[in-house]
Every structure is written in structure tokens, then in C-alpha cells.
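Asker: One structure coming up, written as C-alpha cells, with questions to follow.
The values are calculated or read from the model by the stated rules, or taken from the named source; none is laboratory data. No experiment lies behind these values; they were computed from the predicted model shown. Neighbour counts are summed over all protein chains in view; Cβ atoms, including those assigned to glycine, are modelled from backbone coordinates with ideal geometry. Heads up: the accessible areas ignore ligands, DNA and RNA and are worked out on the full protein's heavy atoms, side chains in. Shrake-Rupley method; radii C 1.70, N 1.55, O 1.52, S 1.80 Å.
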Amino acid sequence: MKGQEWYQADDIAEEYDDKRFSRGGQLIDRREKTAVLEAITPLEDRSVLEIACGTGRFTVMLADRGADVVGLDISAAMLQRGREKAQRAGVSDRLEFLRGDAGRLPFPDDHFDTVVAMRFFHLADDPEAFLNEMRRVSREQIVFDTFNRFSARSVYNWALPMGSRLYSKSEVAVLLAKTDLTLVDVEDDFLVPYGVYRSIPNALAEPIRSIDRAVGRAPVTDHLASVSYWNTRVR
């Protein structure tokens, strides 16, 4: 995985949420959570594994809505932040955080109903191997996102701390075929790159987001969107 040492630093965990999901980044956080919730329904008593759970944005949300959740991450500092969030939200009894490697998941086959991997595949050096491992431990469903090759993100990708692996739709289709996953739905979003939203106050980001959504409804813009949210089923 790209940037493992950078990602595991204590100061990165301390600043992670504020840098990415404050100001206009709140709009990104809201959209990503909506994508996950729309894909995983119903949640009550559903067993969910989140790969690269970070500070627990999704794990805490899913547990709060009735799922039994395990969050796995390589960073001890990120996991500690997640445990603190879970305690404040009162969902620690429905949620477990584990430190581990996404390439060698410490679970038996078909152990979870759903596996979620958000903000993960742009760092994967071998996406097929990681997806195969997720497929192994999932009985029903895998939900993940990818950053897109033909989007504005490609323009500033070189400047990011870890860079990003960018995907075309055809590349993801091949990955799904190789790992015996069936596509249920894919949604494309954010013509304006994430970095723009994060750099401006929410009051300015809101009107930009409204224009972004309006233009993004045109089918011709699908391949220009920064991110795609994939909902797949195990064959």
C-alpha cells in the first residue's frame, strides 16, 4: 500500500478529520456516507467489515444504525480515534476496532454480510488481490469507491502526499469479473475535485456543489466525475 508510514503517524491521525471533513469537506463526508447507506439496506443486525476504517467515520455511523461492525485499519493512532468516537456515540457494544492488514484478513471465509472499503483502492498496489480477499470474507456484498482516471483529479494527483491510483470504468469492470462480483449499481460524482471543496468555507462550497450536481446529471459527464461509488454482489 502507498504511504503506509505517512498514514500511521500520530499527527496525521490527530489532524485527519479536520483537514478532510471540515469546511467544504463536510459536503464530501455527507455524500460518501449517503452512498454507503444507500448501498447497505437494511442495516439492522447486519454484519459489516470496513477495510481501512481510519478514524471510524463509517463504522460508527453503521453501528449507530443497528449493524454489527468490525473496523480494520493498519494505523493504531487512527483506530484509537475511532474507539473514542464510538464511545462518545454510545455504540462501543456494536463495534470492534482491529489493527490488521487488508491483504491478509484475519477472518474465515464468508464471515460478513457486507464488506466496505472507502478511500482505499486509490492506495492499493494490487487491487485484484485486495478485492479477492474481501470477496473471500463476504457472503453477499462489497461496497467501495474509486477515483477516476479521466477526472480533474488527474491534474493535481502528483501533488498529493501519497498520490492516487486512478481507474477507468473498464478497469473496474475487469476487476469485478476476475473476482466473481456482479455490479448492482455505480454512482459517479464530484466533477469539481475534492481539494477545491476542502480549501474553501462551507458557505462558498455549497453553491459550487449545487452547480456540480446539476452539471453532473448529464450522462456525458459520468467519465469526468472524480469518484465512483460501486455496489457489488458476490456471485
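Asker: L105 - would you say it is open to solvent by 20 Å² or more (accessible area, probe 1.4 Å), over 16 Å from the mean Cα position of the chain (by Cα) and of a type in the set (A, V, I, L, M, F, W, C)?
Answerer: For L105, the condition - open to solvent by 20 Å² or more (accessible area, probe 1.4 Å), over 16 Å from the mean Cα position of the chain (by Cα) and of a type in the set (A, V, I, L, M, F, W, C) - is not met.
Asker: What do you reckon, is V172 without any contact (Cβ under 8 Å) to a residue 60 or more places away in the chain, under 17 Å from the mean Cα position of the chain (by Cα) and more than 19 Å from D73 (Cα to Cα)?
Answerer: It is true that V172 is without any contact (Cβ under 8 Å) to a residue 60 or more places away in the chain, under 17 Å from the mean Cα position of the chain (by Cα) and more than 19 Å from D73 (Cα to Cα).
Matching residues to (1) more than 22 Å from the chain's Cα centre (by Cα); (2) modelled with pLDDT under 90; (3) crowded, with 16+ Cβ neighbours inside 10 Å:
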position	(1), (2), (3)
D185	no, no, no
P201	yes, no, no
D222	no, yes, yes
A225	no, no, yes
S228	no, no, yes
V234	no, no, yes
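Asker: Of (1) under 15 Å from F147 (Cα atoms); (2) of a type outside the set (V, I, T); (3) open to solvent by 50 Å² or more (accessible area, probe 1.4 Å), D189 satisfies all except one. Which?
Answerer: (3)
Asker: Pull out all pairs, ordered by first then second residue, where Cβ-Cβ is under 6 Å, the residues are six or more apart or on different chains, the first lies in region 177-188 and is under 17 Å from P127 (Cα atoms), and the second is part of a strand (DSSP E or B) and open to solvent by less than 40 Å² (accessible area, probe 1.4 Å).
Answerer: L181/T232; L183/T232
Asker: Another question about this same structure. Identify the residue in region 108-130 that is closer than 20 Å to V174 by Cβ, of a type in the set (A, V, I, L, M) and not in a loop (DSSP other than H, G, I, E, B) and, among all such residues, is nearest to the chain's Cα centre (by Cα).
Answerer: Going through the qualifying residues, I end up with A117.
Asker: Could you check S154 against (1) part of a helix (DSSP H, G or I); (2) among the small types (G, A, S); (3) in contact (Cβ under 8 Å) with a residue 60 or more places away in the chain; (4) touching a Leu at 6+ places or on another chain (Cβ under 8 Å) and say which number it fails?
Answerer: (3)
Residues are listed down the side, and each one gets a yes or a no for (1) without any contact (Cβ under 8 Å) to a residue 12 or more places away in the chain; (2) open to solvent by 10 Å² or more (accessible area, probe 1.4 Å):
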{"site": "F21", "(1), (2)": "no, yes"}
{"site": "T41", "(1), (2)": "yes, yes"}
{"site": "I51", "(1), (2)": "no, no"}
{"site": "L62", "(1), (2)": "no, no"}
{"site": "R65", "(1), (2)": "no, yes"}
{"site": "A77", "(1), (2)": "no, yes"}
{"site": "R81", "(1), (2)": "no, yes"}
{"site": "D101", "(1), (2)": "no, yes"}
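Asker: OK, next. Among the residues of region 131-145, how many are within 14 Å of the chain's Cα centre (by Cα) and open to solvent by 30 Å² or more (accessible area, probe 1.4 Å)?
Answerer: Total meeting the criteria: 0.
Asker: In addition: Confirm whether T55 is under 18 Å from the mean Cα position of the chain (by Cα), closer than 20 Å to R20 by Cα and at pLDDT below 95.
Answerer: Yes: the conditions hold for T55.
Asker: Of all residues in region 167-197, how many are over 23 Å from S154 (Cβ atoms) and not in a helix (DSSP H, G or I)?
Answerer: 7
Asker: Write out, first by first residue and then by second, each pair whose Cβ atoms fall under 9 Å of each other, whose residues are 6+ apart or on separate chains, and whose first residue, in region 118-138, is in contact (Cβ under 8 Å) with a residue 40 or more places away in the chain while the second is open to solvent by 20 Å² or more (accessible area, probe 1.4 Å) and of a type in the set (S, T, Y).
Answerer: Close Cβ pairs (under 9 Å, with a partner that is open to solvent by 20 Å² or more (accessible area, probe 1.4 Å) and of a type in the set (S, T, Y)) amount to L123/Y7.
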